[in-house]
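To start, the structure under review is shown below, and the notes come after it.
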Amino acid sequence: MWPFGRRETAKRSEEKVHKRDHRSAFREATRALEAGRTAEAIEMLAEVVRDDPDNFAARVNLGTAYYSTGEHVAAARQFEAAHELKPDNPKVLLNLAAAKSALGQLDEAIDLLLEALEIDAQLRDCHYNLAIAYWRKGRIPEAMAELEMELALHPDHQAAKAAVERIRAETGINEDGARPQS
């Protein structure tokens with residue numbers, strides 16, 4: 001006969017300790033990330049993700065850390081994994097789109113941003129990032145429309161204001177959306 005109760009109890013106890021260690025490591029890594037100790041945060045978060053691949057928050061923070069160091073491929077991988085865990089999270093879609101955009105994958109970024117907007121049409125930075133992707137693709141009217149939407153939702157968004165001014169300066173489009181007569 002096998003001691004069912006003992007093994008199960010010992011296993012559950014070990015799992016609880018392991019989960020507690022992951023939570024502690026995650027909190028420490030998040031503090032390191034917030035303090036700008038990105039390399040340290042990456043090392044700790046990678047360990048948490050390795051031990052607990054379904055840890056959504058660790059994947060998002062690891063993706064954020066990679067993105068901040070310019071490791072956009074690694075960032076995209078983490079955001080993709082987080083997206084698989086929570087496909088309806090618009091912030092993950094926004095982050096994944098940012099990584100794809102940084103990799104020059106603008107069509108994918110646009111699709112991801114449109115998907116995020118279907119979930120949350122007022123998500124801060126989403127219209128802005130979509131505008132930047134459109135701008136980079138040379139789709140100026142769509143870029144301006146998205147910037148206007150971002151500013152309608154978030155009038156304090158300084159980067160959106162600056163982008164509007166830069167597009168106007170580059171294209172000669174005035175505030176009414178028309179080019180001045182020569």
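When A46, A39, A32, A57 are checked against the criterion of being among the small types (G, A, S) and in contact with a Phe, Trp or Tyr (Cβ under 9 Å, 6 or more places away or on another chain), A57 stands alone in meeting it.
Listed conditions (1) within 30 Å of A145 (Cα to Cα); (2) of a type in the set (D, E); (3) crowded, with 16+ Cβ neighbours inside 10 Å are all met by D107, apart from (3). Taking the criterion of being under 15 Å from A97 (Cα atoms) and part of a helix (DSSP H, G or I), the only residue of region 136-146 that qualifies is R136. Those helices (runs of 4 or more DSSP H) of region 34-125 in which at least 1 residues are among the basic types (K, R), considering only elements entirely within it, cover 38-51, 56-68, 72-85, 90-102.
Does T38 satisfy the criteria of being β-branched (V, I, T) and modelled with pLDDT of 90 or more? Here the answer is yes, as T38 does meet what is asked. Among the residues of region 78-104, those that are over 9 Å from the mean Cα position of the chain (by Cα), surrounded by 17 or more Cβ atoms within 10 Å (Cβ to Cβ) and within 19 Å of D52 (Cα to Cα) comprise Q78, A81, A82, H83. Taking the stated definitions as given, is K161 outside any loop (DSSP other than H, G, I, E, B), within 29 Å of Q78 (Cβ to Cβ) and at pLDDT 95 or above? No. Within region 123-147, the residues that satisfy the criterion of being more than 18 Å from Q158 (Cβ to Cβ) and either surrounded by fewer than 16 Cβ atoms within 10 Å (Cβ to Cβ) or out of contact with any Asp or Glu (no Cβ under 8 Å at 6 or more places or on another chain) (or both) are A133, R136, K137, G138, R139, I140, P141, E142, A145.
For region 77-96, the count of residues that are outside the structural domain of Q158 (by TED's automatic domain parsing) and of a type in the set (G, A, S) is nonzero.
The values are calculated or read from the model by the stated rules, or taken from the named source; none is laboratory data. This structure is a prediction, so every number in the text was calculated from the model and none was measured. Note that each Cβ is placed from the backbone with ideal geometry, even for glycine, and that neighbours are counted across all protein chains shown.
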